[in-house]
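This report refers to the structure that appears directly beneath it.
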Amino acid sequence: MDGSKCVLQLRGVRPFLSDKYDITRHKNYRFLSDSAPKNAFDIGKYVTRRLKVDPEEEYLMPECFVADEEMPDAALGDFSQSDAFNPAVELSYLSLTEQTAVAEAMAAHEVKPSLSQAVRLKKLKQDGKLTLDAIDRIISEDKKPPKGEPTGSARYRRFFPPSYSPKQIDEVITELLTDWKARAAV
C-alpha cells in the first residue's frame, strides 16, 4: 500500500481505502513537536517536577498559602505556568526560610499572596535575587479587584438615587465616615 494511503475504519461502515490527512495543513500544527522540537513533551522533566519534594527537607505550607482564586486560563502558554493551580504551588519552590518570611509578611499585612505575586517571588528565587525586602514589598502590594467587581463610587451606586453624581456620592460617604469616626473617638 502507498504511504499516502490508509485503511479507514468507522463504526457502522465497512473499512475503506482513504488518503492520509496532511497534518502540516492543520491549524494547530505549530504546536506539535513535528513543527518545532521545543514543543516536544519531556517526560523526564515532568516527572522530576512532580517528585521534587525532598523528604529530608522541611517545608512550610500553612492553609493561608492557598488563595481563593480561580485556576488560571490554560492559554497562558508555558506548561509550568498553566500547571500552577494556586499560589501554594509557586511558593513551594522557596526555601523554608523564604516561606517563613512570606508567612510573616502575610501576617503583618493581613493578606494572602495572589498567583501573580507568588510567580514573581518564584522567579526572583530562580534568578537569585529574592531578599526579605523583596518579599515584603511584593506581599504588601495592593491587588487589583476581581474582574467584574465595581470599584470606587461605582461600588456604592446602588445605595443612591440615579440622579446623584459620583461627586455627590463621594461627599455623602465622606460625611458619613467623618461622623462615624467622631462618634467612635468618644
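Return only the number of the condition from (1) out of contact with any helix residue (DSSP H, G or I) (no Cβ under 9 Å at 6 or more places or on another chain); (2) at pLDDT below 90; (3) surrounded by 10 or more Cβ atoms within 10 Å (Cβ to Cβ) that residue 152 does not satisfy.
Unmet condition: (1).
Taking the stretch 156-170, which residues are surrounded by 13 or more Cβ atoms within 10 Å (Cβ to Cβ) and of a type outside the set (A, V, I, L, M)? First the steps, then the outcome.
Of the residues in the stretch 156-170, the ones surrounded by 13 or more Cβ atoms within 10 Å (Cβ to Cβ) are 156-157, 160, 164, 166, 168-170.
Hits for the stretch 156-170 are 156, 157, 160, 164, 166, 168, 170.
List the helices (runs of 4 or more DSSP H) that sit entirely inside the stretch 87-186 and contain at least 1 residues that are of a type outside the set (D, E, K, R) and under 20 Å from the mean Cα position of the chain (by Cα).
Working: elements: 87-91, 96-109, 115-127, 132-139, 166-185.
Ranges flagged: 87-91, 96-109, 115-127, 132-139.
Pairs, please: C-beta under 7 Å, at least 6 apart or cross-chain, first residue aromatic (Phe, Trp, Tyr) and in the stretch 20-41, second modelled with pLDDT under 90?
Close Cβ pairs satisfying both conditions: 29/23; 29/35; 31/39.
Any idea which residue in the stretch 99-140 is surrounded by the fewest Cβ atoms within 10 Å (Cβ to Cβ), counting only those that are among the polar types (S, T, N, Q) and in contact (Cβ under 8 Å) with a residue 40 or more places away in the chain?
Filtering the stretch 99-140 for residues among the polar types (S, T, N, Q) gives 99-100, 114, 116-117, 126, 131, 140.
Checking which are in contact (Cβ under 8 Å) with a residue 40 or more places away in the chain leaves us with 99-100, 114.
Working: 99: 22, 100: 14, 114: 18.
Here the residue is 100.
The values are calculated or read from the model by the stated rules, or taken from the named source; none is laboratory data. Predicted, not measured: the structure shown is a model, and the values here were computed from it. A quick note on method: Cβ atoms are made from the backbone with ideal geometry, for glycine too, and the neighbour counts reach across all protein chains shown.
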